[in-house]
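**Student:** First the structure, which I've put down as structure tokens, then a few questions once you've had a look.
The values are calculated or read from the model by the stated rules, or taken from the named source; none is laboratory data. Every value quoted in this text rests on a predicted model; they were computed, and no experiment measured them. Here the Cβ positions follow ideal geometry from the backbone for every residue, glycine too, while neighbour counts run over all protein chains shown.
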């Protein structure tokens, strides 16, 4: 496995692009993205579990029922959610994209992100699609990554290569997410591409396993979005022996999918709305993986922990508090906690009780852009990691006038 430059167009046969079509008032902000594979793909996706979900979720579910796709269209600036004509317009976007690419509307993955409840205008999208298709290139991945951003401060993309069956296989990804992010897949929008030859059932299995340990372990603000989705298209152009069952080839593919999803999840957490710091929390020695996940999520989601992180205050009692209200059966008197960053490490809790530590060093540790909380439960062998960020004044500013 090797990280390379690029994103969704790094795998063979994928083209992409992004532009401003007019959904967003700011003409400097791109708002329409497209990915296109030159050959049909196996395709899979996982979706938000919010009971209120966007029309694009409904349409993509229907389109992926046969396990295939060849293109993706995504707009930012408008979620197309809670609209009476939402499904109709999502289907219309698929039809426009299909006609421009010479495909069937059922070959299209569709996503939208932005304001909930605002009517989606189709005219700028129709014009944008006509302009975008001729601009699709193998260098257009970054343009697409920029076009799906809302309150993100930076584009998020990544690519890896690996060997499967003697062939070089490439996986690329782009994602967006900054606010309204909380574990419960999905947590944002993520799009993966690969030239690996793999069956749809194995592709779906790999994506689900990867998302459970990565994107589902991210929280910015405790709100699960209505439009979250992670999808993947695999066009087989690497010409590796097709992965049709579990085994070494599937394991290798899954390892890289998890690696790229972990990297994207950390980028999303670190770019949380108003965030100044990335918080990584690892829980070890837990009785079960499920409990390790729950405790790590409790810690990174706690508003009190996040506020203390923002203030660089080693108020470790808030960590114990978050552990304590996590559902599940476990003891507290065996738990120890360490907080670390590139500036060093402090041991703040042993056997559920506080220990003396250097407050000056603690301040220096917590002032870093990436802080790690290590919880050792000493009650088993299970481990889990979750990612979050600090809670700042700017988070309230951003969301106080998000719509207006």
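**Student:** Taking the stretch 99-120 on its own, how many of its residues are farther than 24 Å from residue 48 by Cα and assigned to a loop (DSSP other than H, G, I, E, B)?
**Tutor:** The number of residues fulfilling the criteria is 3.
**Student:** Report yes if some residue within the stretch 124-145 is modelled with pLDDT under 95, within 27 Å of residue 208 (Cβ to Cβ) and crowded, with 24+ Cβ neighbours inside 10 Å; otherwise report no.
**Tutor:** No.
**Student:** Say whether the condition of being exposed (fewer than 15 other Cβ atoms within 10 Å of the Cβ) and touching a residue at least 24 places away in the same chain (Cβ under 8 Å) is met by at least one residue in the stretch 335-345.
**Tutor:** Yes, because at least one residue in the stretch 335-345 is exposed (fewer than 15 other Cβ atoms within 10 Å of the Cβ) and touching a residue at least 24 places away in the same chain (Cβ under 8 Å).
**Student:** Next up: Quick one: count up the residues across the stretch 21-51 that are more than 21 Å from residue 208 (Cα to Cα) and in contact (Cβ under 8 Å) with a residue 40 or more places away in the chain.
**Tutor:** 16
**Student:** If the requirement is being in contact with a strand residue (DSSP E or B) (Cβ under 7 Å, 6 or more places away or on another chain), at negative phi and exposed (fewer than 13 other Cβ atoms within 10 Å of the Cβ), which of these qualifies: 376, 369, 329?
**Tutor:** Just a single option satisfies the conditions, and that option is 369.
**Student:** Next up: As an exercise: evaluate residue 116 against (1) free of Cβ contacts under 8 Å to residues at least 60 places away in the same chain; (2) out of contact with any strand residue (DSSP E or B) (no Cβ under 7 Å at 6 or more places or on another chain) and give the number of the one condition it does not meet.
**Tutor:** (1)
**Student:** With the checklist (1) crowded, with 22+ Cβ neighbours inside 10 Å; (2) within 21 Å of the chain's Cα centre (by Cα) in hand, flag the one item residue 290 doesn't pass.
**Tutor:** Residue 290 satisfies every listed condition except (1).
**Student:** OK, next. Would you mind stating whether residue 94 is assigned to a helix (DSSP H, G or I) and in the same structural domain as residue 149 (by TED's automatic domain parsing)?
**Tutor:** Criteria met by residue 94.
**Student:** A further question on this structure: Suppose we filter 366, 320 for residues that are in contact (Cβ under 8 Å) with a residue 24 or more places away in the chain, within 27 Å of the chain's Cα centre (by Cα) and within 27 Å of residue 271 (Cα to Cα); which single one remains?
**Tutor:** It is 366.
**Student:** Within the stretch 237-266, which residues are buried (at least 21 other Cβ atoms within 10 Å of the Cβ) and in a helix (DSSP H, G or I)?
**Tutor:** 249, 253, 256, 257, 260, 261, 264, 265
**Student:** Run residue 285 past the list (1) touching a strand residue (DSSP E or B) at 6+ places or on another chain (Cβ under 7 Å); (2) in the same structural domain as residue 371 (by TED's automatic domain parsing); (3) within 21 Å of residue 219 (Cβ to Cβ) and report the number of the one that doesn't hold.
**Tutor:** It fails just one condition, (3).
**Student:** Could you tell me which numbered condition residue 230 fails, if it satisfies all but one of (1) surrounded by fewer than 24 Cβ atoms within 10 Å (Cβ to Cβ); (2) not assigned by TED's automatic domain parsing to the domain that holds residue 388?
**Tutor:** (1)
**Student:** Would you point out which residue out of 236, 270, 222, 274 is over 24 Å from residue 384 (Cα atoms) and modelled with pLDDT under 95?
**Tutor:** 274
**Student:** Within the stretch 379-396, can you find the residues that are crowded, with 21+ Cβ neighbours inside 10 Å and not in a strand (DSSP E or B)?
**Tutor:** Of everything in the stretch 379-396, those that are crowded, with 21+ Cβ neighbours inside 10 Å and not in a strand (DSSP E or B) turn out to be 390, 391, 395.
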